[in-house]
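Engineer: Take a look at this one; I'll ask things after.
The values are calculated or read from the model by the stated rules, or taken from the named source; none is laboratory data. This structure is a prediction, so every number in the text was calculated from the model and none was measured. Counting neighbours? That spans all protein chains shown, and the Cβs are built from the backbone with ideal geometry, glycine included.
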Amino acid sequence: MKRFLIVWVRVVVLILVPTLAFAQQQLISDPEIYEKDHFRSECKMAQFEPDFIERFDINNDGIIDLVSDHSKLVCDGKRGPGCNSDGCPYNFYLQAREGGYFMIATAQIYSYDFVKYFGNMVFLLKMHPRFCERTDAVPCEMRVRVRGGRFVTISKK
C-alpha cells in the first residue's frame, strides 16, 4: 500500500509540474496596464509619473522591452510604497517575438543607467553597498547584461 501511494504521488507530480511551469510562463499583453491595474487595486488613489514605465530594448534583440520604476508611483499619498533604505523595486520585462511580455527580474535598487560597455548595452545598477558585500556608505555599482531571459552579472564594485 505504501509503495502504491509513493507511485501515485510521483505520477501526480509528473502531471502537475509541467502545468505549473507553463502557468508561470504566461505572457502579459502589456506590463504597463498590468502594473497600473495592480496598484489601482492596492491603493485607494494611485498616481503614476510619466517615467513610471520606460520602454527600450534591454537585451539587444531589436524588440522594445519595458522597465517599471516603483519610485515613480504615489499610493495614497505615499511616494514609492515599496521603497526603503535598500532602494525601490524595479521590474524588468522582455517582449517575446510572438507578442506579449514576461518578467525576467525584480530588483531593489537606487537607480540604473543603460550604458555601452565593450560595444554592448548593459545596465549599471546602483544599489545598497551590502549587495557588493561591503559595509561602507558608497553605493554598490553592478554591471548586468541581459542574456536570454536572465540577468548576467559582468562586474560589481
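Engineer: Of all the residues that make up the stretch 48-64, how many are without any contact (Cβ under 8 Å) to a residue 60 or more places away in the chain, touching a strand residue (DSSP E or B) at 6+ places or on another chain (Cβ under 9 Å) and either closer than 18 Å to ARG150 by Cβ or exposed (fewer than 14 other Cβ atoms within 10 Å of the Cβ) (or both)?
Structural biologist: Applying the first criterion (without any contact (Cβ under 8 Å) to a residue 60 or more places away in the chain) to the stretch 48-64 yields 48-56, 61-64.
Now narrow it down to the ones that are touching a strand residue (DSSP E or B) at 6+ places or on another chain (Cβ under 9 Å): 48-49, 51-56, 61, 63-64.
Narrowing the set further to residues that are either closer than 18 Å to ARG150 by Cβ or exposed (fewer than 14 other Cβ atoms within 10 Å of the Cβ) (or both) leaves 49, 51, 55-56, 61, 63-64.
Adding up the residues that qualify gives 7.
Engineer: Another question, if that's okay. Kindly indicate whether any position in the stretch 118-139 is at pLDDT 95 or above and small (Gly, Ala, Ser).
Structural biologist: no
Engineer: Something else: So, in the stretch 105-145, how many residues would count as being β-branched (Val, Ile, Thr), closer than 17 Å to LEU94 by Cα and surrounded by 14 or more Cβ atoms within 10 Å (Cβ to Cβ)? Reasoning before the result, please.
Structural biologist: Kept after step one, since they are β-branched (Val, Ile, Thr), are these residues of the stretch 105-145: 106, 109, 115, 122, 135, 138, 144.
Applying the additional criterion that residues be closer than 17 Å to LEU94 by Cα yields 106, 122, 144.
If we keep only those that are surrounded by 14 or more Cβ atoms within 10 Å (Cβ to Cβ) as well, we get 122, 144.
The total comes to 2.
Engineer: Taking interchain pairs and intrachain pairs at least six residues apart, which have beta carbon atoms under 8 angstrom, with the first residue in the stretch 70-83 and among the hydroxyl-bearing types (Ser, Thr, Tyr) and the second outside any strand (DSSP E or B) and surrounded by fewer than 19 Cβ atoms within 10 Å (Cβ to Cβ)?
Structural biologist: The qualifying pairs are SER71/GLY80; SER71/CYS83.
Engineer: Hey, another quick one. If you take the residues in the stretch 146-156 that are surrounded by fewer than 13 Cβ atoms within 10 Å (Cβ to Cβ) and under 18 Å from the mean Cα position of the chain (by Cα), which one is modelled with the lowest pLDDT? Step through it out loud before you land on a result.
Structural biologist: Filtering the stretch 146-156 for residues surrounded by fewer than 13 Cβ atoms within 10 Å (Cβ to Cβ) gives 147-148, 150, 152-153, 155.
Applying the additional criterion that residues be under 18 Å from the mean Cα position of the chain (by Cα) yields 147-148, 150, 152-153.
Values: ARG147: 88, GLY148: 83, ARG150: 89, VAL152: 92, THR153: 93.
Ranking the qualifying residues of the stretch 146-156, first place goes to GLY148.
Engineer: How about the stretch 146-157: which of its residues are more than 18 Å from ASN91 (Cβ to Cβ) and among the basic types (Lys, Arg)?
Structural biologist: ARG147, LYS156, LYS157
Engineer: If you don't mind, there's one more thing I want to ask. Looking only at strands (runs of 3 or more DSSP E) that fall completely inside the stretch 103-157, which ones have 2 or more residues that are closer than 17 Å to SER68 by Cα, free of Cβ contacts under 8 Å to residues at least 24 places away in the same chain and among the hydrophobic types (A, V, I, L, M, F, W, C)? Write out each step before concluding.
Structural biologist: Numbers: elements: 111-117, 120-127, 140-147, 150-156.
Qualifying strands (runs of 3 or more DSSP E): 120-127.
One line per residue, one yes/no per condition, for (1) modelled with pLDDT of 95 or more; (2) over 16 Å from the mean Cα position of the chain (by Cα):
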{"site": "PHE22", "(1), (2)": "no, yes"}
{"site": "TYR34", "(1), (2)": "yes, no"}
{"site": "ARG55", "(1), (2)": "yes, no"}
{"site": "ILE58", "(1), (2)": "no, no"}
{"site": "HIS70", "(1), (2)": "yes, no"}
